[in-house]
């Protein structure tokens with residue numbers, strides 16, 4: 001895991017991978033799958049994420065003002081499908097991390113947990129835009145720190161050639177995903 | 001080429017493909033490559049696109065209020081690189097379509113030309129949000145019509161298995177692209 005310089009952060013998202021959004025507030029934390037995540041600016045790096053108002057992840061991220069974007073890979077696909085299929089509100093007495101045995105580690109600048117085994121992580125601070133949030137479920141955030149697995153992201157670029165299990169994933173519909181493919 | 005029902009339009013973009021944005025106004029037209037395009041809502045279908053204020057495509061799309069998102073495929077990759085590397089402003093007396101021999105056909109509900117040989121097309125009408133446009137170069141648009149190549153998009157889903165040349169593409173950085181890969 002290696003820190004990413006700010007001018008390269010957008011390159012983590014340029015190719016449109018599906019993400020896991022994590023958030024925490026007080027002693028609560030949650031994780032959800034999100035495909036509608038996009039780069040917005042280079043420096044300072046900004047992103048957009050679309051998060052439904054009914055989600056528990058959103059309640060925590062709005063309370064805390066921060067969240068993390070984790071980039072899962074092919075070898076985590078069953079976990080991605082699991083966390084995308086159930087709400088954290090429906091697990092009384094536990095949370096999704098415990099329920100599915102998802103290991104995490106501490107972020108550098110925010111409270112949200114980062115997911116072990118992912119290949120990229122973006123620590124995000126919400127830029128308050130109430131009209132976008134309330135009208136479109138659209139959040140704009142500044143990326144205050146970012147990291148990647150240097151086996152597959154180095155010199156500011158993804159290189160998946162020798163690491164099929166570490167390829168990022170792209171949601172199509174209904175729990176079906178494609179891996180990032182060959183260079184063309 | 002088949003029309004896409006509104007509830008399936010977001011599925012054209014869920015997996016994060018790189019796009020070609022086309023726009024036209026009066027007798028002018030332009031085309032540019034854009035990776036920062038994302039689904040925003042299901043029904044009515046909405047999208048976000050990030051378009052730099054210096055681009056000619058943006059000048060035309062703001063003047064007209066509409067634009068098209070074309071989804072290019074592997075067999076068009078050289079053309080995608082070409083239109084992404086030069087501004088339409090730098091081609092006096094001609095345009096990018098003529099310069100690179102890019103064939104187009106008429107959209108159903110907007111003036112922007114659609115690019116032949118692409119595998120998906122979204123006809124978009126800008127929802128005026130001046131703060132987002134001026135502060136973030138971020139546009140929100142409603143998709144007023146959408147179509148796809150039914151060889152690779154049918155029953156509301158992409159199916160690339162037998163059509164490697166028709167796989168969508170994902171920009172990484174610096175003119176390097178990956179194809180959409182295998183189901184996982």
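The values are calculated or read from the model by the stated rules, or taken from the named source; none is laboratory data. Treat the numbers as computed from the prediction; the structure is a model and nothing was measured. Here Cβ is always computed from backbone atoms with ideal geometry, including for glycine, and neighbour counts include all displayed protein chains.
Here residue A:68 meets the list (1) assigned to a strand (DSSP E or B); (2) free of Cβ contacts under 8 Å to residues at least 60 places away in the same chain; (3) farther than 19 Å from residue A:103 by Cβ almost entirely, failing just condition (3).
Residues of segment A:74-101 that are within 14 Å of chain B (Cβ to nearest Cβ) and in contact (Cβ under 8 Å) with a residue 24 or more places away in the chain: A:74, A:75, A:76, A:77, A:80, A:81, A:84. Considering the conditions (1) buried (at least 22 other Cβ atoms within 10 Å of the Cβ); (2) modelled with pLDDT under 95, residue A:91 is excluded by exactly one of them, (1).
For segment A:20-50, filtered to residues that are assigned to a loop (DSSP other than H, G, I, E, B) and in contact with a strand residue (DSSP E or B) (Cβ under 6 Å, 6 or more places away or on another chain), the residue that is surrounded by the fewest Cβ atoms within 10 Å (Cβ to Cβ) is A:44.
Just one residue in the set A:71, A:114 is crowded, with 17+ Cβ neighbours inside 10 Å and away from every other protein chain (no Cβ under 14 Å); that residue is A:114. For segment B:119-152, residues that are assigned to a loop (DSSP other than H, G, I, E, B) and surrounded by fewer than 23 Cβ atoms within 10 Å (Cβ to Cβ) total 7.
Among the residues of segment B:125-159, the ones that are facing chain A (nearest Cβ under 10 Å) and closer than 30 Å to residue B:53 by Cβ come to 9 in all. Evaluated against (1) farther than 26 Å from residue B:17 by Cβ; (2) within 10 Å of chain B (Cβ to nearest Cβ), residue A:17 falls short on exactly one condition, (1). Quick check, is residue B:40 under 14 Å from residue B:123 (Cα atoms) and either over 12 Å from the mean Cα position of the chain (by Cα) or within 14 Å of another protein chain (Cβ to nearest Cβ) (or both)? No.
Restricted to segment B:160-175, and to residues there that are surrounded by fewer than 18 Cβ atoms within 10 Å (Cβ to Cβ) and modelled with pLDDT under 95, the residue that is farthest from the other protein chains (Cβ to nearest Cβ) is B:162. Screening segment A:1-13 for residues that are more than 16 Å from residue A:141 (Cα to Cα) and assigned to a loop (DSSP other than H, G, I, E, B) and picking the one that is modelled with the lowest pLDDT gives A:1.
Inspect segment B:25-35 for any residue being at the interface with another protein chain (Cβ under 8 Å from one of its Cβ atoms), closer than 19 Å to residue A:176 by Cβ and modelled with pLDDT of 95 or more and give the result as yes or no. Taking every residue of segment B:25-35 in turn, none turns out to be at the interface with another protein chain (Cβ under 8 Å from one of its Cβ atoms), closer than 19 Å to residue A:176 by Cβ and modelled with pLDDT of 95 or more. The number of residues in segment A:88-118 that are more than 26 Å from residue B:183 (Cβ to Cβ) and not in a helix (DSSP H, G or I) comes to 17. Of the listed requirements (1) touching a helix residue (DSSP H, G or I) at 6+ places or on another chain (Cβ under 8 Å); (2) assigned to a loop (DSSP other than H, G, I, E, B); (3) under 29 Å from residue B:98 (Cβ atoms), residue B:17 misses just one: (1).
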